[in-house]
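Below you'll find the structure, written out as structure tokens, and then a few comments.
The values are calculated or read from the model by the stated rules, or taken from the named source; none is laboratory data. From a predicted model like this one, the values you see are computed outputs, not experimental measurements. Every residue, glycine as well, gets a Cβ built from its backbone with ideal geometry; the counts of neighbours run over all protein chains shown.
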Amino acid sequence: MTIPLTILAAVLASAEPQAFDSPRYGLKVEIPPDWSIAAREQDDQVFVAIIPQKDFERPGAVACELGMAPESLDDYRTRIDKTAQRGGRKSGKLAANRLVKGVGGERLETIWEFHPDSGGFWREISIRIVANRQLYTFILNVEDSIHAQARPLFDQLVSSARFTPPNTGADLLAKGSNRWIQREYKFALDLPPGWAPALAPSSVALLFASGAPHGVWTDNLLVLAHARRDLDLQKLVKELPDQLQHEEPGCEVLSCKLVPHGDAQALETIVRTARGPFSMTVLELRFRGERFDYEVKYTVETKRFDELLPGFRKSLDSFKESPGPIAAPRAGKAA
């Protein structure tokens, strides 16, 4: 016997929800009992859960993604509207994109409707909330046949969300100089005024920090480390520009040179590139530390780069490892 979806939804609504708690990502939420969690705390995904549907091979999904907060949710709303005007998303139509008042403040609700080539009619509902300098995006993606049952449960999930500052892995050492230490790997540096650590968008980043948002873009700092290896900086001066242009065709290498760094030298590169509709300039320093080989990158909108460059160089010069036991560097490549 097949249980009607309306009856099934009523039964499930009376069951105890699953408590999901992620101190690292700063989120506690209650997930409906039959929405099975398939992934948690992976790069920018806080969680992903599977939602049963009539077609077992094509389940629905609910997820929460973490990003950097925009200057305002209205900036994000405008960006989505422009995306829709340029043709939107494949097989999709923007059905709603509005700011709404929710418990605890303003939210951005966006609804896309899809008629995929594989058949059916799907809705994707996204609710964006800003908390603790982060953007939390709750996403529901289901086929029309269960939308009426899934949407109230999704709204309950979002309403149950409780936010705390995420674990950035860094602690403030000196307020006056805005000096921060990475807790696990024990290196410190001074950040520009107004900057602070944030949760990294990639698990291989040892430290991620950001300044004030400008529209939907946020200038950022990224620190990576590698096990010590042959690091021929003189050779890299000649080879790195071609490597960068091969990895990202269209980028412009403005500078690639050796600079003093402490008692040794570092390789400084300045590269102009595109990030979606934005023109970005990246200042990167590669150097050898006592423990690891480091890559430290500031990425900023090109129109502000010249103004901020002296402060970025001062920050890079302040980088220093602290004594004490540490972990091995995380393997992989940052997004």
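Quick notes on this one:
- Residue, surrounded by the fewest Cβ atoms within 10 Å (Cβ to Cβ), within the stretch 66-104, restricted to residues that are in a loop (DSSP other than H, G, I, E, B) and hydrophobic (A, V, I, L, M, F, W, C): VAL103
Residues are listed down the side, and each one gets a yes or a no for (1) closer than 22 Å to ASN97 by Cα; (2) out of contact with any Asp or Glu (no Cβ under 7 Å at 6 or more places or on another chain):
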| site | (1), (2) |
| --- | --- |
| GLU124 | yes, yes |
| ALA131 | yes, yes |
| THR137 | yes, no |
| VAL142 | yes, yes |
| ILE146 | yes, yes |
| PRO152 | yes, yes |
| ALA161 | yes, yes |
| THR168 | no, yes |
| ASP171 | no, yes |
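- Any hit, the stretch 52-65, residues being under 22 Å from the mean Cα position of the chain (by Cα), farther than 19 Å from GLU113 by Cα and either of a type in the set (Gly, Ala, Ser) or in a helix (DSSP H, G or I) (or both): no
- Count of the stretch 112-135 residues, restricted to those that are acidic (Asp, Glu) and either part of a strand (DSSP E or B) or not assigned by TED's automatic domain parsing to the domain that holds ARG89 (or both), is 2.
- Hits in the stretch 178-217 (condition: β-branched (Val, Ile, Thr) and assigned to a loop (DSSP other than H, G, I, E, B)): VAL204, VAL216
- Cross-chain or 6+ apart pairs with Cβ under 7 Å, the stretch 184-206 first and more than 23 Å from GLN45 (Cβ to Cβ), then assigned to a loop (DSSP other than H, G, I, E, B) and at pLDDT below 95: TYR185/LEU206; TYR185/ILE326; TYR185/ALA327; LYS186/SER322; LYS186/GLY324; LYS186/ILE326; PHE187/SER322; ALA188/SER322
- Members of the stretch 218-247 that are of a type outside the set (Ser, Thr, Tyr), in contact with a strand residue (DSSP E or B) (Cβ under 6 Å, 6 or more places away or on another chain) and assigned to a strand (DSSP E or B): ASP219, ASN220, LEU221, LEU222, VAL223, LEU224, ALA225, HIS226
- Checking each residue in the stretch 157-176 for being surrounded by 15 or more Cβ atoms within 10 Å (Cβ to Cβ) and out of contact with any Lys or Arg (no Cβ under 6 Å at 6 or more places or on another chain) picks out LEU157, VAL158, SER160, ALA161, PHE163, PRO166, THR168, ALA170.
- Test: residue in the stretch 258-281 that is touching a residue at least 12 places away in the same chain (Cβ under 8 Å), in a strand (DSSP E or B), of a type in the set (Lys, Arg) and closer than 26 Å to ARG79 by Cβ: yes
- Failed criterion for ALA327 (all others in (1) in the same structural domain as HIS214 (by TED's automatic domain parsing); (2) within 23 Å of PHE187 (Cβ to Cβ) hold): (1)
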